[in-house]
Amino acid sequence: MNMFLTKYTQYLRLRRFGTLIILILFTGLSLRANAVTVLLYHHISDTTPRITSTTPGEFAQHLQMIEDNGFEVWPLSKVVRYLQQGTTLPSRVTVITFDDAYDSILTTATPMLEKRGWPFTVFVNSAAVDEQHRHIMSWQELNSLQDKGGELANHSHHHSHMATRLEGETEEQWQQRMHDQILITKDKLKQHTNSELPLFAYPYGEFDQPLQAIISELGYVGFGQQSGALSSALDFTALPRFPAAGVYANPKTLRTKLKSLPMPIKSVEVLVGEDQSGLTSYAVKKPSIRITLEPGDWRLSELACYVSNQGTGDITNIDTNNNSFVVTAKKEIITGRSRYNCTMPSQEGGRYHWYSHAWLRFNAQGELPTD
Ligand SMILES: [Zn+2]
């Protein structure tokens, strides 16, 4: 509210300079509103698999970086509530999330976060907890996190590749199986921890449109593992998070991500593919998306788009009147998960607008690679 009042005072002062300044001012206001980044962790350990691990030393560097850059750390549920209500957030807010309920969250990360009084969210895959898998917290341990600033949320029961249909499974059977996967964990979280937050993280960050529809129908907000800043303009069944483990734990690159702003998206249109969510069949080798930005003095010449595993993508059909452009991979995208990442420098120095489009491409047998 204070920020708005300050802005409004500036607006009154600047009004006499004419329409152009007012336009820029309101663009600036909308840009700074509701820009939040969410960081995604798994293990905080130097003895677990590197790809899903952030070392305690790296995690300490990340927390210091968050503080040094003037960010507030909020619980995910509070951020979602603000975005849903369209309430303006401070310009520097970040959220810390952990997937998979690993015990290093309790033993290593929680004391570091508790010392700073910073909240966090753990997405729980309940079968692994029930079956007491190695390196997974018990229900009692998970419950204890709630007294230490932790929120508990839904990561499905079995942590399967949810978009994959089983052999011979009808669409109705798949839907029922997905309902069960989500509702079993919902019940268990309620039963063991009295937690019932409407937050869901897709296992492996994989989703397709029918799965998004189920998430929405069950009243959940869905999080993937594609990059980008949150904004109220995005689809609430496919919100982005920045992975911060393995190669992504490098504090230098993570700082740019922490400070990223949402791309001022007006619409995203999938030009090739089976649905609008990014799911592609094996036959779609080089999918395209048309991104249209909200009006503003965007410099599309400064836009850069990258394709997973292959460097820059082709940017064509640039329409500076409509602020729209088309992105296409130069080479065939891989089967499984891949991304188109588009960034554009912001007028606020050192910050970038960021949009990531998640693709999920099935192999020739109609399956997804398992990992
Ligand atoms: Zn997971």
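Points to keep in mind about this one:
- Probe 1.4 Å, protein heavy atoms only - accessible area per residue of segment 265-361 in square angstrom: 45 Å²
- Under the span-like rule (Cα at least 15 Å along the axis, Kyte-Doolittle mean at least -0.5), DSSP H helices of the chain: 2-14, 19-32
- The packing ranking, built from the mean of other Cβ atoms within 10 Å per residue, places the peptides 72-82, 228-238 in the order 228-238, 72-82, highest first.
- Percent accessible area from carbon and sulfur atoms, the chain, protein chains only, probe 1.4 Å: 50 percent
- 3J(HN,Hα) along segment 279-296: 5, 10, 7, 4, 5, 8, 8, 10, x, 10, 10, 9, 9, 10, 9, 4, x, x Hz, from the Karplus curve 6.51 cos²θ - 1.76 cosθ + 1.60 with θ = phi - 60°, whole Hz, x for Gly and Pro.
- ³J(HN,Hα) computed for each position of segment 88-99 - Karplus, 6.51 cos²θ - 1.76 cosθ + 1.60, integer Hz, glycine/proline x: 5, 9, x, 6, 10, 10, 9, 10, 10, 10, 10, 9
- Amide H contacts for Asp208 (H built 1.01 Å from N in the peptide plane; partners 5 or more residues away or on another chain; cut-off under 5 Å): none found.
- 5 angstrom amide H check on Arg351, placed H, neighbours 5+ away: Ser346
- Value at 222 nm in deg cm²/dmol, rounded to 500, when DSSP H runs of n ≥ 4 in the chain each add -39,500 (n - 2.57): -9000 deg cm²/dmol
- Interchain or long-range residues, amide H under 5 Å from Gln226's placed H: Arg241
- Normalised contact order of segment 259-350, rounded percent, pairs of Cα under 8 Å and 6 or more residues apart: 28 percent
- For the chain, the relative contact order comes to 15 percent (Cα pairs under 8 Å, sequence separation of at least 6).
The values are calculated or read from the model by the stated rules, or taken from the named source; none is laboratory data. As the structure is a prediction and not an experimental result, all values here were calculated from the model. So basically every Cβ, Gly included, is an ideal-geometry build from the backbone, and we count neighbours across all protein chains shown. Areas reflect the complete protein model, heavy atoms only, side chains present, ligands, DNA and RNA absent. Shrake-Rupley method; radii C 1.70, N 1.55, O 1.52, S 1.80 Å.
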